[in-house]
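What follows is one structure encoded as structure tokens, with my remarks underneath.
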Amino acid sequence: MNINIYCDILLKDEYFAAAEHQGHAPVTPGITSVRIGGFMRNFVLLLFFLVLFLSCPSFAFHRVNYLGELPVDRPVSIAVDHDETVYAAQKTGHWSGIVTITNQVEGSGIQIGGEDKKWKDILKNPASVAIYGDRLYVADKGLDRIEVFTKTGEFVESYGSGGDDPKEFDDPSCVVVRDGVIYVADTGNDRIQVLGQNGVFLKEIGRFDDVAQRIDDPVFLAIDHEGRIYAVSDNGKVKVYSPEGTFLNSAPVSNAGPICVDEEGVFIADSKELSIKKYTFDFKEILSFGVKGEGRAQFLDISCLYRTYDGRIMVSDPERNLIQIFKPESDNSRLFGPPAPPPTSAMWTKIIGTDPGMKLSGLALKDDGTIFAIDKKTGEVCMLENGRMIRTITDEEARPAEAVAFDGSGGMYLLSGQRITKILPDGRTAYAFGGSREKSSWSSSSRPNDIAISRDGAVYVTDRKKKAVNVYNTDGVFIRKIATIDGKTPISDPAALAVNSKNMLCLLDSGNNSISIFDSNGSAIKSFNIGDPDGKPVDLAVAGENLYVLDKKRNSIKMFQTDGKQVATFSTQGTEPGDLDEPSSIAATGINRFMVTDCGNNRIQEFEVIYTPPPPDNVTAEGEPGCVTLKWDSAANPLVDGYAIYRAPKEGGTGSELIAKTKETVYRDESVEPGITYIYAVTALVSSGNESAISEKCTASAQKLVLAPPAGLVASPDDLSVELSWQPDPSPYVTAYVIYRDKQEIARVSETSFVDTGLAPETGYVYEVASVGRDGSLSEPASVTVTTLVSTRPPVEIEVLELSDIFSNTYKTYEENGIGKIRVRNNTPNNISRLNVQFTIKNFMDFASETSITDLGPGRSVEIPLKAVFNNKILDVTEDTPVQTQITASYYVNGELKSFATKQSINVYEKHKMTWDDPNRLGAFVTTKDPVVMEFVRGIITQYDHTSDPLICACLVHDALGTAGVRYTRDPSNSYQKRKENVDLVDYLQYPRETLKRKSGDCDDLSILYSACLESVGIQTRFVEVPGHIFIMFELGDTRDLGDDSMNELLVIEDGRVWVPVEVTRVGKSFSDAWEAGSRNYYTCRPDELATVDLHDAWQAYKPANLPVSSFRMQPVQRQIIDKRFDNEFAVICKTSVKIKNRNLFERLQKDPKDSETCLQLGIAYAKYGVLDEAMAMFEASLENAPDNAAAFNNIGNIRFVEGKYDKAVEAYKKAASLDPGDPLVLVNLARTLIKTGQKAEAKKTFDKACSIYPDIVKDYRGLWMKLIGTK
């Protein structure tokens, strides 16, 4: 389908004009497509307008521009989206049709419906289409229901079925969707039905006893911006209804056909004349266009009028197989506020299926959101768990339960017979009260049926037999009885109770057909009738100011406010989502949500209310100087969470605008022009619902501000500046002050003082200060004259703000971070275009650091960091040395160099010194690339296997340090605790090579050494600071691989990684001892007293020092000495590592000790670490549970081979080969072992067999193949 566009729409023969009359018939009843050429055409037009002018005392021309046409086969209904997608219902037969979706920009098309069987029960005879959000709605007369599709044609759901009950249809001819609410012209049932946005029944309109108000056979619908509903009947009459469904009036038109509206009025097709007429909302004709015919703007049939989002009118003509497009001129800008909202509606949000054997009632909600109900068949309490209801409280004493409620602390109370039972969390009975023996409570004839508990601990229980409500406290003490609803009228049938957040009791009295509200003392507050005496209200729920009454007979929920006003009705009988059948109980699940037990449909349904609030009351507007203040009453309903303010000028304006949104009930409009009168209105906002209609309008105009000059203006001069001060203006309308110097504005401030800098010495100035009003107006200025003082300052002033001592071990950091900061000030009356600042330290800097400043104005200053690039001589400092720094500022004046300098003394600390103000300084001492450290560590780990495991490597390094004689020595004169408490105290730390050489150090020295050793082989470390002490921990791996179990606090979980804490001062004792001590230190410290320093983060700020070459090397430590000293701790740590890395396997084995595969995997894990005894035990355990496990025999053979027991290895490999003859690797293992036993020929035969299974195995075992070459 393509649109033929006529672009030149403003030519006289491309538009049509009609006149607005007062009491006159239209001058031009229709439009023809006859074109009159040249002079004659212009003459006729001139004559026409002259006659029109003379005959009409008052008129205004309305243009209707013709835009084009869209070929469509037999269109009966159309809708257009913002992206120019056209949705069209098309006739294909007398009782059949399709829907087409065509994007006019892309040219793509989709068809819904047709002869294909898949559409048989989805789409039959589409009569009307509508779009809203991401959904397409279709009224299907053939299937008597509303079909819902995505905008790309995928079927979503359907609403209704054939019949005459609510949510049943007979020839639904038209569907309109406005703000999510669905309106359906139910033609055969003489009514309009209204549904929520996913099909929940709301109400029906038009079925009145009075024939003048009744709508017969409605076929077309439209809804205007005020929410009024226009219904066109099959006999061409138009009736108008309010948004609530009340009849308003009948339109004085006949032969009405399709209808649509804009903000100015109503478009109605005249089915007899085949023209389109536009009326005002009180049905005064504005214009008319179109006529019967086959030309432009001519029609043979009009099946639909559709107004697009941008004001075009699309007219479908099934006889001509096209849609014609027009654009009437309109002025919608004068509408005030947003369109009227839709009525309050509801949508179902959740459905929970229940066991057909259950009959649930007595819904109750715990504060944590857990849902409980009672199975009326068994009297048991059920709880919703994992999407299904399960039985929970089965105490025989508490059965059969009638109702359940919860107190403010979550305690459960069951009403059973005449007994109330408090239930403990484990399901046992805590205590019970009530019963016929209690005074002033139950009698033997009492019949309690519902219970509710307030936040302040009042327990309310209904007694339907005695027609009263008994009140207890939560200990079971009887308090009072409520027997009347207002102090006079007795309670008739107390059916249900609910308590709101204000501790008010709400009572549903089905006998009086009323709801009564009582305060916490039992005094009546209000009582109101709930209507429908033929209904059967059975339960009540309350949320905030909203009350929900469940009617079992009507299968519906009525929503009221606590003031008695009925807000809406939801649902009807049926089986679709949102329908009800035998509902038995209701409970609020949120401020705008509730759940209903839908017994007839074996389910629980949750609904969400889309609330439309009433407009705010008592809106007032008061003009004040420079602003208008609006006030209004706070909304009673807590669903209202904000307000919107609209404004328009009373005269000469172009419509209203949204000027603000607020949560308060007061708004000050400061964006007004004084003297202009404005119209205001306010709406209420609901974030999970709709915006209300506008409030009553009010008007106001802002007064012009008249401000006094600032009082008490004083000027205090200096040589290069003047300080101004004045008294604050008492007027609340002053927002700032503007300062002038010699008639030039120099600043605006909100304070009552200002310092003007950059002035010349001994110079006179005139200052003025004026107040600034909130509307931007200025007061008369206050004035003062002042002369600056004689200057005694140097032309360029250097002020040292900060200059720190230098730690030689971190000399590289000063290149980026600097060692201090200065402020340079221009004290001259002239601008300095370029100022150079140099910083140097003699002997330690080869070149001065230099900073250039451009355009430093008079009196201006700038702060400059002092950075330093040191030479290597700084590392030669062997004792703390005072040095002189020099800072020089220089610039040129008329070619002459001007320089100003200052000197400052600081200390250069030798390379072992640091302060603890920043623990990251430790990074400079961890020299991982020092050959002394690297050779020591490599000399240890090369003697062992499995040293890629961080735990094993850390154990070996620790034990080697102890074997080498390294010991902890406490510094009695300068302890770590003393240094940490005084961060300015300069500390002495050893480098790792020095601790190795001296074989001693305190806790920080040993921690630095151990960290350097581990980091040298790639094991990441962190320092751990606790009160008075420091130790380290090293990374074992990621929690994704190792889990997050601390293994009884032996491990540390931090930043998603697993760490091993080590108390390095235990060096000389076993690694296990140091590990246990480290974990104890970590976990016995309070979290707020513990801090960790990540070494890699520390290195970002403080890079390791470059130490001079040293000839010192640590004597190698032999493995046999380490193993002997620490009783072969290496083997113990290997076993420990296997357990840590395979915790999931050990947990699985603990659950099922006979799991053969788990035993096999653990055996392999032990074997990889050389723990052969444990590996053998696991393989044997695997065979006990799976005797034919070839992998277990193969691994046993591997162990025997490693042990040198080749005969036993051959035996195991042969067994594995017999169990799995297709595994070539088992044969390779067997062949390798046969060579060891001297059976080379047998080995050759075995290897050849492996090659026959997998020929490429030769490439993997070339060495074995070469040994067997030539063997026969």
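Going toward the positive end of the dipole of the range 354-609, with +1 on Lys and Arg Cβ and -1 on Asp and Glu Cβ, which of ILE591, THR462, PRO356 do you reach last? Working it through, the farthest residue towards the positive pole turns out to be THR462. The charge dipole of the chain, taken about the Cα centre with unit charges on the Cβ atoms of Lys, Arg (+1) and Asp, Glu (-1), comes to about 3180 debye, rounded to the nearest 20. Coupling constants for the range 925-939 follow from the phi torsions by the Karplus curve (6.51 cos²θ - 1.76 cosθ + 1.60, θ = phi - 60°), and in residue order they are 8, 8, 9, 6, 9, 5, x, 4, 6, 4, 5, 5, 5, 5, x Hz; glycine and proline get x. When the Cα convex hull of the chain is projected onto planes of every orientation, the mean area is 82.5 nm².
Scoring 458-465, 744-751 by mean Cβ neighbours within 10 Å over their residues and listing the highest first yields 458-465, 744-751.
Using Cα pairs under 8 angstrom and six or more residues apart, how large is the relative contact order of the range 354-609, in percent? For the range 354-609, the relative contact order is 11 percent.
Normalised by 2.2 N^0.38 Å, with N the number of residues, the alpha-carbon radius of gyration of the range 857-974 equals 1.84.
A helix-only calculation puts the chain at -5000 deg cm²/dmol for mean residue ellipticity at 222 nm, using -39500 (n - 2.57) for each DSSP H run of at least four residues, averaged over all residues. Over all orientations, the range 282-351 has a Cα convex hull whose mean projected area works out to 8.8 square nanometres. What shape does the range 441-509 have by the C-alpha gyration tensor, where a ≥ b ≥ c are the square roots of the eigenvalues, rounded means a/c under 1.5, and otherwise prolate means a/b greater than b/c and oblate the rest? It comes out oblate by the Cα gyration axes. The SER634 and GLN703 beta-carbon pair, evaluated with R₀ = 22 Å, returns a calculated FRET efficiency of approximately 0.20. Taking Rh as the Kirkwood radius computed over C-alpha pairs, what is the Stokes-Einstein D of the range 354-609 at 4 °C in a medium of viscosity 1.567 mPa s, expressed in µm² per second? After rounding, the answer is 72 µm²/s. Between the amide H of ASP1002 and those of THR969, distances stay under 5 Å, these residues lying 5 or more places away or on another chain, with hydrogens modeled in the peptide plane. Most tightly packed first, judged by the mean number of other beta-carbon atoms within 10 Å of their residues, the peptides 1263-1271, 249-257 read 249-257, 1263-1271. Within the same chain, aspartates and glutamates fewer than 8 places from LYS1208 are excluded, and of the rest, those with a Cα less than 17 Å from its Cα are ASP1173, GLU1180, GLU1242. Phi-derived couplings, Karplus 6.51 cos²θ - 1.76 cosθ + 1.60 at θ = phi - 60°, listed residue by residue for the range 299-308: 9, 9, 6, 10, 9, 7, 10, 9, 9, 7 Hz, with x used for Gly and Pro. If one takes the longest principal axis of the Cα atoms in the chain, at what angle in degrees, from 0 to 90 and to the nearest 10, does the Cα axis of helix 1190-1203 lie? Roughly 20 degrees, rounded to the nearest 10. Translational diffusion of the range 714-787 was estimated from the Stokes-Einstein equation, with Rh taken as the Kirkwood radius over Cα pairs; at 37 °C and 0.692 mPa s the coefficient is 260 µm²/s. Counted over the range 423-562 with a bin width of 5 Å, the fraction of Cα pairs per bin, in whole percents, is 2, 10, 20, 22, 20, 13, 8, 4, 1. Just to confirm the number: angle between the C-alpha axis of helix 38-55 and the first principal axis of the chain, 0 to 90 degrees, nearest 10? Approximately 70 degrees, to the nearest 10. Residue exposure proxy: SER701, SER671, SER656, ordered by other Cβ atoms within 10 angstrom of their Cβ from fewest to most, comes out as SER671, SER701, SER656. Computed extension gain for ASN235 through ASP1088, at 0.36 nm per residue and net of the alpha carbon distance, reaches 298.7 nm. Note on the range 620-701: Cα-only Rg and Dmax are 12.7, 39 Å. Beyond 27 Å, what share of the Cα-Cα pairs of the range 76-275 remains, rounded to the nearest whole percent? So the portion of pairs separated by more than 27 Å is 26 percent. In straight-distance terms, cross-link reach from LYS1215 covers every one of the aspartates and glutamates whose alpha-carbon lies under 13 Å from its own, apart from those fewer than eight places away in the same chain; here that gives ASP1188, ASP1207, ASP1223.
In summary, the lysines within cross-link reach of LYS117, defined as a Cα separation below 20 angstrom excluding same-chain residues under 8 places away, comprise LYS91, LYS141. Overall, the anisotropy analysis places the range 1089-1182 in the oblate class: the square-rooted eigenvalues a ≥ b ≥ c of its C-alpha gyration tensor yield a/c not less than 1.5, with a/b not exceeding b/c. Expressed as a whole number of Å, what is the distance separating the alpha-carbon centroids of the range 819-833 and the range 286-317? Between the Cα centres of the range 286-317 and the range 819-833 lies a distance of 78 Å.
An oblate overall shape is assigned to the range 1118-1272, the ratio a/c of its alpha-carbon gyration tensor axes (a ≥ b ≥ c) being 1.5 or greater and a/b not exceeding b/c.
Percent of Cα pairs in the range 917-1125 per distance bin of 5 Å, from zero to the largest separation: 1, 7, 16, 21, 22, 17, 11, 5, 1, 0. Between the amide H of SER556 and those of ASP551, distances stay under 5 Å, these residues lying 5 or more places away or on another chain, with hydrogens modeled in the peptide plane.
Peptides 1192-1202, 639-649: what's the order by average Cβ count within 10 Å, highest mean first?
Output ranking for 1192-1202, 639-649: 1192-1202, 639-649.
Per-residue 3J(HN,Hα) values for the range 1153-1160, derived from phi via the Karplus relation 6.51 cos²θ - 1.76 cosθ + 1.60 with θ = phi - 60°, read x, 9, 6, 5, 5, 5, 4, 4 Hz in sequence order (x marks Gly and Pro). For the residue pairs LYS359/LYS465; LYS661/LYS704; LYS465/LYS526; LYS277/LYS565, the C-alpha atoms sit more than 32 angstrom apart in LYS277/LYS565. Note on SER753 and ALA660: their simple-model spin labels are 3.3 nm apart, each label 7 Å out from Cα toward Cβ.
Which angle from 0 to 90°, rounded to the nearest 10, does the C-alpha axis of helix 1003-1015 make with the longest principal axis of the chain? Computed tilt is about 80 degrees. Available extension along the chain between ILE746 and GLU723 is 6.9 nm, counting 0.36 nm per residue and deducting the alpha carbon span. Residues whose amide H lies under 5 Å from that of LEU705, counting only those 5 or more places away or on a different chain, are GLY626; hydrogens are built 1.01 Å from N in the peptide plane.
We did not get these values from a lab; they are worked out from the coordinates using the rules stated. In this text, all values refer to a predicted model and were calculated from it rather than measured experimentally. Glycine gets a Cβ as well: all are built from the backbone with ideal geometry, and neighbour counts include every protein chain shown.
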